[in-house]
Amino acid sequence: MPGSETKVVPRVVNPLVLGKTAGFLIDRGYCMPTHDMSVAPPARPAEMDRAYEPQQVEQPLYDWWERAGFFAPRDDAPNPPFVISIPPPNVTGELHLGHAMFVTLEDLMIRWRRMQGYRALWLPGTDHAGIATQSQVEKLLRSEGTSREQVGREEFLRRTWEWKAKYGGEITCQLRRLGASCDWSRERFTLDEGLSRAVHTAFKRLYDNGLIYRGAYLVNWSPSLSTAVSDLEVEYETRNVSIWYVRYPIITADWDGPAADWGSGNWAAGATEWITVATTRPETILGDTAVAVAPDDERFAHLVGKYAVLPALGRRIPIITDEYVDKEFGSGAVKITPAHDKNDYEVGKRHDLPMINIMNKDATINAEGGPYAGQDRFDCRKAILADLETEGMLVQTAPHTMSVGISQRGGEVIEPLLSEQWFVRVKPMAEMALAAVQEGRTCIIPERFEKVYFHWLENIEDWCISRQLWWGHRIPVWHMPDGSMVAPHPDEPLPADGVQDPDVLDTWFSSGLWPFSTLGWPEDTPDLRTFYPTSVMETGYDILFFWVARMMMMGCYLTGVEPFHTIYLHGLVRDEHGRKMSKSYGNVVNPLEVMDRQGADALRFTLATSGTPGQDLNLNPQRIEAARNFANKIWNITRFVIGKLDDWRENRTAIPAAVALTLSDRWILSRYHRLLADVGRLMEGYNFGEAGRHVHDFLWSEFADWYVEIAKVQLEGDAERQANTRAILFTVLEGALRLLHPFMPFLTEAAWQYLNPASNATDGAHHTIMLAAYPTADDDHDAAEAEAAFDLLRELIVSIRNVRNEYKVEAARWVAATVVGGPHTAMFQEQAALISRLARVDDAKLDIIATLDEKPRHVAALVIGEIEAFLPLAGMIDLDVERARLAKELETAESDVSRRAARLANANFVDKAPEHVVQREREALESARAALERLRERLAALE
RNA sequence: GGGCGAUUAGCUCAGUUGGUUAGAGCGCCACGUUGACAUCGUGGAGGUCAGUGGUUCAAGUCCACUAUCGCCCACCA
C-alpha cells in the first residue's frame, strides 16, 4: 500500500437496505483528509418541536457528520492518538444487542476522547466469517438446486463475493444508525487485498520460524460442516446418556477365536475368559486396538499380555496396562480407540498401537467397520448394540451423565477424528501475551478477567488453523511433485509446478491480526506508525479467548508490541429476567425496532447506564422508556432555556463573580462543577454507567426540578439578575449537553444546534458539539456553604409542600406562613421570593423572623433542626392529625438523638474517627436536639 | 474437579477508596392542564442490604464460612 495516502475501498450501496437506512449511505469513495466546517448542518424547524422526535433528527445529523468528515482523526489534534479497532462484525451479521452494546461503549469512548482533543480514530470493518458466510451461500445454491461441489471452487467463490457485495454493507449501515462515529474512509474487510497480504505475511513468518506445522492428529470434526474446528469451537453440554458394559472374549488355550458368523448368536461360543469394558460410544468398538487396565489392578493381572477378540471384526487386540486407567470407574478396563478419542490417542501413542480410522468425513462408517460400513455413526451404534445383545456380549446398560462436545457452528455432536491438519505452536506467543499483562503493559478491565486470561494462556494447546472450507484465506503453501512443501513470500512468484493446499485458515487467524493489519501492516505506513499500538480493545468477555488472547499473541509476536494498552470487557445482554435471548424463546429484542420506536439515544443511554463493567446486563424495556423520557426532558429544558434567552446569545454576558450572584446561582454552579469533576473521574476510571447516571440525576433532579423553576423567578428580577440567570442557564445546559454527548449523540447535537445557531458563528464555520471541548471542573465555583444553605432552603420548601399535601390544600391556593429561622433568618429573608413561589406561600403573608416568643396555636407546624415554620391553615387543622404527625416526627428525632449521643459518648469514636466525621456528628446531634425540643414544644402547645 | 460472578424496595438495577437517616427508574397511593415538558409536575408509602461469625470507634462496602442462582475452564471410558 502506498505510504502517504489511505486506500479507500468504495462502499457498496446495497439496494435492498435502502429505505430505512438509505440516508446513511454515503458513497463518496474518497477520504476526507480533514474536517470540513463549511458543510452546513441539516435544516431544522425555526421552533423546536414540542417533543423530541428522534426519527426526524438522527439520520440527517449522521449524514452531516459523516459528510463533513468529523469522524476522521484530525492531524492538528493537541493530544496523542486514541485508537479503537472495532470488533469486526460478520459480513453476514444482522444488528443485535451485542453489536449495540459495543457500539455504545466504543463510540462513547471515542467521542469523549475526541472532544478532549485526542486524535481519535475508531477504525471500522467487517469479518469474512468463513463458516457463517459459506453456509449462507450454500443455502442459496441449494435453493437453486445445486451445491458448492457441483459448481466448483472458483464459481463458488465468485458467487460468495457477489453475495458479499450485495449484503455485506447492511451491517455497517446498521452500525451507523446507532451513531457510530467510525472513520469509514478507513473501513476494512478481512479478505480485502491489504489484509490478505497481512495474513500471508504472518503465516509465512510463523511458518519460517517453525511455529506452523502440518500433521495427522486427532481433531474436532464437525460432520455437517465437513471441516475440522478448533478446541474453542466445541461447546460442552451435559447430557444424560447410557453407558454400556460390553465383554470381549479372551484368546486362551481352550479357545482360539470365533468359529461362527457374527450375528449368529454363537460367535463367541466356547470362550471361557472375558474382559468387560464400558463405553458410551459402542460404534467406536470397531476402531479398538487394545484394552487397557490399571498397572496395579490385581483383578486383571492374569489377563495382561493376552489378547481379546473384537466383536464383529474378530481382530485380536492386546490387553495392556496404562496409568491412565482409573480402577474405580466403569468395569476397570478401558477399550482403547486411538483414532476416535483424545485420551485413547495418547495411550495409543505411548504403546505404539495401530490407529484405525473407522469413519468417513460425514461420520458414516468406512470400510474398516466391516459389516457396518456405510451406516451413519448413530445407526451403527444401534445396530452394534443389537448384535452384541444377540451374541450375549452386552453385559449391562446403565444411565450416565457426561458432557458431550457440540459444534458451535454446526450444532451436532463433534466427532474426534484423525486427520491431516495445520497447527500453530502457540506456546512462544502465549508466553509473550502473558508477560504483557503480567508486566502491566496491557491491563484488563475488570481486573478479575486477568486470572481467566492467565489460566487459559498457561494451559494453552496448539491451535488447529486449517478448515476444509473454501471461503477464507487459502493456506499459502504449495505441495510440490516431490512431496515437499513451499511457502513463498507474498512478493515471490508462485511455484509453477506446485499445487496450493486446499484448506483455508480459521477466521480467527485473520482476526488475530486485526489491530495492525487494518493499519497497513506489514508495510510501514503512516497510519501504522501513528495509530499503533491501539489504545483500548473493547469487546464482550465471551470472546476473550477466541479473539482478544489471539490478538495479544499475534500482536506481541509479529509486531513486537502489545496491540493495545487496555482491554475493556463488557457483559452479555440478557432479557429483563436474566434469560439468554434466543429466537426459540421469543425474547429477542431487536435494536433496530427499539431505535425506530424510541431512538438510538434511548437505546444507547440504557445500555450504557443499566449495568456495571463486565457484568451481564438484564435489559429492561422500561429503562429504555425512561431513557426516551429523559431525552424528551432534555429537549424541553432546552426549549425552555432558548425561549428565555431572548437576545442574550447575540450579546453574551459573562457570569460575574460570586458576590453578584444569588444563592441559587452559586448553588447550581457549585453542583455543576462538582458534576464535571465526578464525571471526569468516573470516565477516566471506565465507570461510564455511573458517569451517565450522574449527568442524568443532575439534569433532572437539580437543574430542571430546581434551577429552572428558580430561574423563572429570577427572570422577573432586574436586568442584571436576568442577565446572570440567562448566562447560567446557558452555561450549565450547554456544558451538560457536551457532557452527555458521548452517551446521547443525536439528541445533544440537535439541542446544541438550537442553542448555538450557525448563523451566530463569527468565523463562517458550522460548529458541531462533536468537536466541542469536553467540559472540565473549575474549583473557583466550589461553594460548599452555598450548597448547605440551599439544602436548607430546599428542605423548608419541600416540608411546606408536604404539609400542604397532607392537609389537602388545593395546589393553586396561596397560603400564609411564618418561618422562624434562628441563625438562618437572613438567608431565608433573602430567599423569600423563592419560598413564596416554590411553596406557594402568599408573599404578603410570609413572615420570616428570627425568634417567636408566643407560639401560635391551631396551626400546622414543621420543624427542620433549629428551624420552625407555621402554617395557619384556617379551619383545616385537625388536632388529632397534627398530634399524630408530630408524634411520628418526635419518635424519629428521639432515636436520632439517642443514636448520635451514644456515638459521641464513645471515647473510641471521638479518639479514632477522623476529625471531620466527629465534627459532623456533633453538628448533627445539635441539630437533632434542637428539632426534638421544638417538636416537644409543639406537642405541648396542642394539649 | 477447579475458578469466577450474583444475592440491596413489588420488578430491573446503582452504591467510587469502610463514615450522617442505603439511592434511582418502573410500579403503587394521594393531588395536579400555574406558559419547557402529561414522554410531565408535587407529596408519600415501601428495604433487619441472602444467612452466620469475625475485623473495626464505625460494615451494604473488608475477611471467613454457609445457602441459592448463573457462568467459565477441565481428557474421566
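The values are calculated or read from the model by the stated rules, or taken from the named source; none is laboratory data. Model, not experiment: these values are computed from the prediction. Methodologically, a virtual Cβ is constructed for each residue, glycine included, from the backbone with ideal geometry; neighbour enumeration extends over all protein chains shown. Ligands, DNA and RNA are excluded from the accessible area calculation, which covers all protein heavy atoms including side chains. Shrake-Rupley method; radii C 1.70, N 1.55, O 1.52, S 1.80 Å.
Matching residues to (1) of a type in the set (G, A, S); (2) more than 18 Å from A:A839 (Cβ to Cβ):
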{"position": "A:E854", "(1), (2)": "no, yes"}
{"position": "A:L862", "(1), (2)": "no, no"}
{"position": "A:A869", "(1), (2)": "yes, no"}
{"position": "A:L873", "(1), (2)": "no, no"}
{"position": "A:A884", "(1), (2)": "yes, yes"}
{"position": "A:A893", "(1), (2)": "yes, yes"}
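Residues being open to solvent by 30 Å² or more (accessible area, probe 1.4 Å) and of a type in the set (S, T, N, Q) are entirely absent from segment A:246-256. In a residue-by-residue description of segment A:631-645, the property of being part of a helix (DSSP H, G or I), within 8 Å of RNA strand B (Cβ to nearest atom), surrounded by 14 or more Cβ atoms within 10 Å (Cβ to Cβ) and small (G, A, S) applies to at least one position. Restricting the first member to segment A:341-359 and to residues that are more than 10 Å from RNA strand B (Cβ to nearest atom), and the second to residues that are open to solvent by 60 Å² or more (accessible area, probe 1.4 Å) and part of a loop (DSSP other than H, G, I, E, B), the beta-carbon pairs closer than 7 Å and six or more apart or on different chains are A:G348/A:M355. In segment A:776-792, the count of residues that are part of a helix (DSSP H, G or I) and hydroxyl-bearing (S, T, Y) is zero. Candidates in segment A:446-463 are the residues that are closer than 26 Å to A:W422 by Cβ and part of a loop (DSSP other than H, G, I, E, B); of these, the one that is least open to solvent (accessible area, probe 1.4 Å) is A:I460. Confirm whether A:R350 is over 23 Å from A:G314 (Cβ atoms), charged (D, E, K, R), open to solvent by 30 Å² or more (accessible area, probe 1.4 Å) and not in a strand (DSSP E or B). Spelling it out, A:R350 is indeed over 23 Å from A:G314 (Cβ atoms), charged (D, E, K, R), open to solvent by 30 Å² or more (accessible area, probe 1.4 Å) and not in a strand (DSSP E or B). Beta carbons closer than 6 Å, at least 6 apart along the sequence or on distinct chains, pair a first residue in segment A:606-629 that is among the small types (G, A, S) with a second that is assigned to a loop (DSSP other than H, G, I, E, B) and more than 6 Å from RNA strand B (Cβ to nearest atom) for A:A608/A:F743; A:G614/A:P446; A:G614/A:G571.
Considering only residues in segment A:850-866 that are in contact with a Phe, Trp or Tyr (Cβ under 7 Å, 6 or more places away or on another chain) and assigned to a loop (DSSP other than H, G, I, E, B), the one that is surrounded by the fewest Cβ atoms within 10 Å (Cβ to Cβ) turns out to be A:P856.
The rows are residues; the columns are (1) open to solvent by 20 Å² or more (accessible area, probe 1.4 Å); (2) on the phi < 0 side of the Ramachandran plot; (3) in contact with a His (Cβ under 9 Å, 6 or more places away or on another chain); (4) not basic (K, R).
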site	(1), (2), (3), (4)
A:S407	no, yes, no, yes
A:E415	no, yes, yes, yes
A:F423	no, yes, no, yes
A:K427	yes, yes, no, no
A:I444	no, yes, no, yes
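All of A:A901, A:A913, A:A907, A:A869 fail the test of being open to solvent by less than 70 Å² (accessible area, probe 1.4 Å) and touching a strand residue (DSSP E or B) at 6+ places or on another chain (Cβ under 8 Å), apart from A:A869. Within segment A:898-939, the set of residues being within 10 Å of RNA strand B (Cβ to nearest atom) and in contact (Cβ under 8 Å) with a residue 24 or more places away in the chain comprises A:R900, A:A924, A:L925, A:S927, A:A928, A:A931. Yes or no: segment A:704-718 includes at least one residue that is open to solvent by less than 30 Å² (accessible area, probe 1.4 Å), of a type in the set (D, E), out of contact with any Ser or Thr (no Cβ under 7 Å at 6 or more places or on another chain) and touching a residue at least 24 places away in the same chain (Cβ under 8 Å). No, segment A:704-718 contains no residue that is open to solvent by less than 30 Å² (accessible area, probe 1.4 Å), of a type in the set (D, E), out of contact with any Ser or Thr (no Cβ under 7 Å at 6 or more places or on another chain) and touching a residue at least 24 places away in the same chain (Cβ under 8 Å).
Within segment A:42-62, residues that are over 14 Å from A:F640 (Cα atoms) sit with their Cβ atoms under 7 Å from residues that are within 12 Å of RNA strand B (Cβ to nearest atom) and assigned to a loop (DSSP other than H, G, I, E, B), at 6+ positions apart or across chains, in these pairs: A:P54/A:G599; A:E58/A:G599.
Results for (1) among the hydrophobic types (A, V, I, L, M, F, W, C); (2) open to solvent by 10 Å² or more (accessible area, probe 1.4 Å); (3) more than 30 Å from A:L418 (Cβ to Cβ), shown as yes or no for each residue.
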position: A:W262; (1), (2), (3): yes, yes, no
position: A:G265; (1), (2), (3): no, yes, yes
position: A:T280; (1), (2), (3): no, yes, no
position: A:E283; (1), (2), (3): no, no, no
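Looking at segment A:692-703, which of the residues that are touching a residue at least 40 places away in the same chain (Cβ under 8 Å) and open to solvent by less than 10 Å² (accessible area, probe 1.4 Å) is farthest from A:G643 (Cα to Cα)? Looking at the filtered set, the residue picked out is A:G692. If the condition is being among the charged types (D, E, K, R) and outside any strand (DSSP E or B), then segment A:381-420 contributes A:R381, A:K382, A:D387, A:E389, A:E391, A:R409, A:E412. When residues in segment A:288-301 are screened for being open to solvent by less than 20 Å² (accessible area, probe 1.4 Å) and within 12 Å of RNA strand B (Cβ to nearest atom), 6 of them pass. The residues of segment A:827-849 that are open to solvent by 50 Å² or more (accessible area, probe 1.4 Å) and either under 26 Å from A:A660 (Cβ atoms) or over 56 Å from the mean Cα position of the chain (by Cα) (or both), listed by number, are A:Q829, A:E830, A:A833, A:R837, A:D843, A:A844, A:K845, A:D847, A:I849. Checked against (1) in a helix (DSSP H, G or I); (2) away from RNA strand B (no atom under 13 Å from the Cβ), A:F423 passes all but a single condition, namely (1).
The condition (being away from RNA strand B (no atom under 16 Å from the Cβ), at pLDDT 90 or above, open to solvent by 40 Å² or more (accessible area, probe 1.4 Å) and at negative phi) is satisfied by just one residue among A:P87, A:P80, A:P33: A:P80.
One residue stands out among those in segment A:646-668 that are outside any helix (DSSP H, G or I) and of a type in the set (K, R): the one that is nearest to A:A777 (Cα to Cα), which is A:R652. Among the residues of segment A:800-816, the ones that are near RNA strand B (Cβ under 8 Å from one of its atoms) and either open to solvent by 80 Å² or more (accessible area, probe 1.4 Å) or touching a Gly at 6+ places or on another chain (Cβ under 9 Å) (or both) come to 6 in all. Taking the numbered list (1) open to solvent by less than 10 Å² (accessible area, probe 1.4 Å); (2) under 15 Å from A:W470 (Cα atoms); (3) not β-branched (V, I, T) in turn, A:E154 passes all entries but (1). Of all the listed residues (A:G578, A:G586), the sole one being more than 16 Å from A:A202 (Cβ to Cβ), at pLDDT below 95, small (G, A, S) and within 16 Å of RNA strand B (Cβ to nearest atom) is A:G578. Scanning segment A:302-328 for residues that are of a type in the set (A, V, I, L, M, F, W, C), within 16 Å of RNA strand B (Cβ to nearest atom) and either more than 13 Å from A:H351 (Cβ to Cβ) or outside any strand (DSSP E or B) (or both) yields a total of 5.
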